[in-house]
Ligand code: SF4
C-alpha cells in the first residue's frame, strides 16, 4: 500500500527516531501517518494515562523544581522530554512496560534528551507496570558512546533531508533513509509505527525455496517432533499450575525445614518445605546501557555464550505430511 508522497520537510519526533531511525526519516519528510490499529491506540491511551499520573506525582514531589513536558531544540525540530528535574538537571522519561525492562529505544530516547538539553546533566528512566503499577527507576549517564550514536543518527537524518531537498523525491523509498529495523511489515505494529505502508511499499515476502523430495522424511520427522514438544510443554505447564494450587493449600500447614509424614502412615510419604530468600540479580547489560558501568572494565569478566539459531516450523492447513524418515529399520 502506498500512502501519500511526502508533502513537506518537517520535523522528526525524537520518540520515533529512537524507536526506528527510518521512522524518523519518514516523519522528517512529512509522509502521511496511518492511524494505528485499535489495539495499539488503546495501548497508547493507557500509556498516556499512566504517564500523566506519574507526571502529577513528580509535580507533587518537586513543585516548581520540575518542568513538565519540556521542549528542547534539536537539529531536526523540537524534542519533548517528559520532565526535567531542575536541580540538578535530570531529564525524565516515563515508559509503560509489563516486563519492567529498559529497551534500547527507551535509553536512546533518553540519550537524545540529555544530549540536546543543556540543562540536563543526566537522565532517569521510570518504568511502570501497567497492571500492578510497580515501578523501576533507573539512572542514566550520557557516555561518549551514547553521544556518538545520537550524533550518528542525527547526521543520517541530515543526509535524508538534504537528499530529499535536492532533488525532491516523491518516492516511498527516498534516498538516504536509514535501514529498516523490521524484517517484514507485520513487525511495524510492535514499534507503533505509522509508516509501514511507504516503508514496505512494493515489498514481498521472499518466495520459499523448494527442497529436494529426498528430504521429505526428515522434514516430516521434524514436524512430528515439534508437535510432540508442544504437547509435552503444554502438559508440563498444566502440571505446574496444578502443583502450585496444591502447594498453596498445604503451605499454611507446613513449617519451613520440618519434615512431615502422613498421619499414621509414617514412611509412606515425607514432605518438607524449605524457604530461601530471593537471589540478588544484577542487570549488567542495563547498567552498561545506563552509562553506570564501563563496558571496558567488565571485559575481564565477560564470557561469550554459544551461538544460537532460531527455527520456525509452520504447518499449513490442508497440507499432507509425508511419511517420517526413520532410517534403516532392522525388521
Ligand atoms: S515499518 Fe519498521 S522499519 Fe519501517 S519505518 Fe516503521 S518501524 Fe521502521
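The values are calculated or read from the model by the stated rules, or taken from the named source; none is laboratory data. The structure displayed is predicted, hence computed values, not measured ones. Cβ placement follows ideal geometry from the backbone for every residue including glycine, while neighbour counts extend to all protein chains displayed.
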Does at least one position in the stretch 161-177 carry a residue that is modelled with pLDDT under 90, near the ligand (Cβ under 10 Å from one of its atoms) and within 22 Å of residue 74 (Cα to Cα)? yes
Go through the stretch 13-24 and report how many residues are within 12 Å of the ligand (Cβ to nearest atom), outside any helix (DSSP H, G or I) and modelled with pLDDT under 90. 0
Scanning for something at positive phi and in contact with a helix residue (DSSP H, G or I) (Cβ under 9 Å, 6 or more places away or on another chain), does the stretch 66-88 turn up at least one residue? yes
Confirm whether residue 306 is more than 30 Å from residue 92 (Cα to Cα), exposed (fewer than 13 other Cβ atoms within 10 Å of the Cβ) and in contact with a strand residue (DSSP E or B) (Cβ under 8 Å, 6 or more places away or on another chain). no
Determine which single condition residue 189 fails, assuming it passes every other condition in (1) within 16 Å of the ligand (Cβ to nearest atom); (2) assigned to a helix (DSSP H, G or I); (3) more than 30 Å from residue 10 (Cβ to Cβ). (3)
Is it the case that the stretch 200-222 has a residue that's at pLDDT 90 or above, within 13 Å of the ligand (Cβ to nearest atom), in a helix (DSSP H, G or I) and surrounded by 13 or more Cβ atoms within 10 Å (Cβ to Cβ)? no
Yes or no: residue 19 in the same structural domain as residue 194 (by TED's automatic domain parsing), closer than 16 Å to residue 194 by Cβ and either in contact (Cβ under 8 Å) with a residue 12 or more places away in the chain or surrounded by 13 or more Cβ atoms within 10 Å (Cβ to Cβ) (or both)? yes
Residue check, residue 256 assigned to a loop (DSSP other than H, G, I, E, B), away from the ligand (no atom under 16 Å from the Cβ) and surrounded by 10 or more Cβ atoms within 10 Å (Cβ to Cβ): yes
